[in-house]
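Report on one structure; see the data block that follows.
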Amino acid sequence: GCQGCGMIDVTLKQGVEVMIKAQIPEIEAIYDVTDHAGGTNPYYQPSAK
């Protein structure tokens, strides 16, 4: 999947969400629930606190 990919927001909001909402108007939003920090060598780097 898109685990760790820095382009997930663009893919999800401008791609997947647009297509799903066009086919199923009752859908109001798509949310990313992927654990981007998990897995082997993910691209995602959490911001420093």
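The values are calculated or read from the model by the stated rules, or taken from the named source; none is laboratory data. Because the structure is predicted, anything quoted here is derived from the model rather than measured. Cβ atoms come from the backbone with ideal geometry, glycine included; neighbour counts cover every protein chain shown.
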Result of the Cβ filter at 8 Å on region 16-39, keeping first residues that are part of a helix (DSSP H, G or I) and partners that are loosely packed, with under 10 Cβ neighbours inside 10 Å, at least 6 apart or interchain, is Glu17/Ala29; Lys21/Glu28
Taking region 9-49 and keeping only residues that are touching a Cys at 6+ places or on another chain (Cβ under 7 Å) and modelled with pLDDT under 70, one is left with Tyr43
